[in-house]
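Chemist: Before I ask anything, here is the structure I am working with.
What follows draws every value from the coordinates through simple rules; no lab data is involved. Note that the structure is predicted; figures quoted are calculated from it, not measured. Don't worry about glycine lacking a Cβ; one is built from the backbone with ideal geometry, like all the others, and counts go over all protein chains shown.
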Amino acid sequence: MGVCPRISPFLFALVLQAAGMGSSERTPRQDLTCQVGGTATFLLEAPQQFNLTNLAWRSSINGPNVAFATWQPGNPLEVWVKEYFKRLTFHEESRALEIHNLSTADGGAYEVVQLQDPSDVLLKEFTLVVLDISVTATKLANDSCSVSLLCKAGAGIKTKVDYSWTPGGPEDQGSALHLLLHPGDKHKTYTCMATALSTRHTFRVTPYLACSAETRAAALLGPALLALLLPLLLL
């Protein structure tokens, strides 16, 4: 979940050669969609013959040229920003960086570079969207209930996100959906669609599960289907 098809090492080599090891126009990209509390994996597929050292990861959250983590061969990953303490794992063999226990605040643009003189080499760019749905349920007579769903997509500071629901409701208000559910709706699913960073992301839930007094609303998200769908290709 949240990992796009890999670019082959051979193609990666051609990209770096054609870009002069420094042009962002042909830099490999990876789009990720993850759920709150999940893990995002930033893959860096480079041929073993490339001597990748002094790697640094940056994000739009921390500002330009501010590395939140760095790595050198033979040394453990160094984490420089407190928000990432105890949440990062680096796999030296695959050169993959993982961010654990995601929140919507982690959404945004990321990049990995090789630090060197006279200028750093941009190796790969990433976009991360983190989805969450909050649920409020009120029990009514005859096992019916009133449910309010609020969809939230973390995609970075000042990033515009458009929301819609399928199916919609009489009070569909963008990211919010208000429903009156009956026992016959216990298996009915609703899908939040969030469009951000030129990609549509979906999050499907079964809201009647929150209507039971014995079922916490948080349990609604257990079987949720989180998918990375329909990237809108940028020419």
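Chemist: Considering only DSSP states other than H, G, I, E and B, which chymotrypsin sites (Phe, Trp or Tyr not before Pro) in region 55-144 qualify as loop sites with at most 15 other Cβ atoms within 10 Å?
Modeler: Filter output for region 55-144: 80, 85.
Chemist: Moving on. Straight distance only, please: which lysines reach the Cα of residue 82 with their own Cα at less than 27 Å, same-chain residues fewer than 8 apart left out?
Modeler: Within the straight-line cut-off, residue 82 pairs with 124, 152, 158, 160.
Chemist: I'd like the distance between the alpha-carbon centres of region 143-157 and region 83-131, rounded to an integer number of Å.
Modeler: If we compute the Cα centre of each part, the gap is 28 Å.
Chemist: Enumerate by residue number the GluC sites (Glu not before Pro) in region 59-152 meeting two conditions: DSSP loop (anything except H, G, I, E, B), and at most 15 other Cβ atoms within 10 Å of the site's Cβ.
Modeler: Values: sites: 78, 83, 92, 93, 98, 111, 125; in loops: 92, 93.
Loop-located and lightly packed - 92, 93.
Chemist: Find, among the trypsin sites (Lys or Arg not before Pro) in region 74-166, those assigned to loop by DSSP (not H, G, I, E, B) with at most 14 other beta-carbon atoms within 10 angstrom.
Modeler: Sites meeting the loop and neighbour criteria: 86, 158, 160.
Chemist: Sticking with this structure for a sec: Where does the charge balance sit around residue 198 when Lys and Arg score +1, Asp and Glu -1, over other residues with C-beta under 12 Å from its C-beta?
Modeler: Neighbour charge sum, excluding residue 198 itself: +1.
Chemist: Nothing charged except the Cβ atoms of Lys and Arg (+1) and of Asp and Glu (-1): what's the magnitude of the dipole of region 29-157 about its Cα centre? Round to the nearest 20 debye. List each step's numbers first, then the result.
Modeler: Values: 9 positive and 14 negative charges, 73 e Å.
It comes to approximately 360 debye.
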